[in-house]
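Visitor: Starting off with a structure, shown below.
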């Protein structure tokens, strides 16, 4: 998992599509969903960590 698109596709596999029109809000909601998938044991730890890294990097870019 290397991109924002990859995280979107991960969430889509579990029936979640996030698009509010506000990139910062989308990133927050995506992070919450990834955390929930992890808590529920639906994704493995490596996928979770990769998704978190991608989202953190996207947040950093959005803040610049």
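Visitor: Cβ-Cβ below 7 Å, separation at least six or inter-chain, first residue in region 24-46 and at pLDDT below 95, second outside any loop (DSSP other than H, G, I, E, B) and surrounded by fewer than 17 Cβ atoms within 10 Å (Cβ to Cβ): which pairs?
Guide: From region 24-46, the pairs are 24/62.
Visitor: In region 9-28, what residues are within 10 Å of the chain's Cα centre (by Cα) and surrounded by fewer than 16 Cβ atoms within 10 Å (Cβ to Cβ)?
Guide: 9, 28 - these are the residues of region 9-28 that are within 10 Å of the chain's Cα centre (by Cα) and surrounded by fewer than 16 Cβ atoms within 10 Å (Cβ to Cβ).
Visitor: I need every pair where a residue in region 48-64 that is over 14 Å from residue 5 (Cα atoms) has its Cβ under 7 Å from the Cβ of a residue that is at pLDDT below 95, sequence separation at least 6 or different chains.
Guide: 62/23; 62/24
The values are calculated or read from the model by the stated rules, or taken from the named source; none is laboratory data. Everything numeric in this text was worked out from a predicted model, so none of it was measured. No Cβ is skipped: glycine too gets one built from the backbone with ideal geometry, and neighbour counts run over all protein chains shown.
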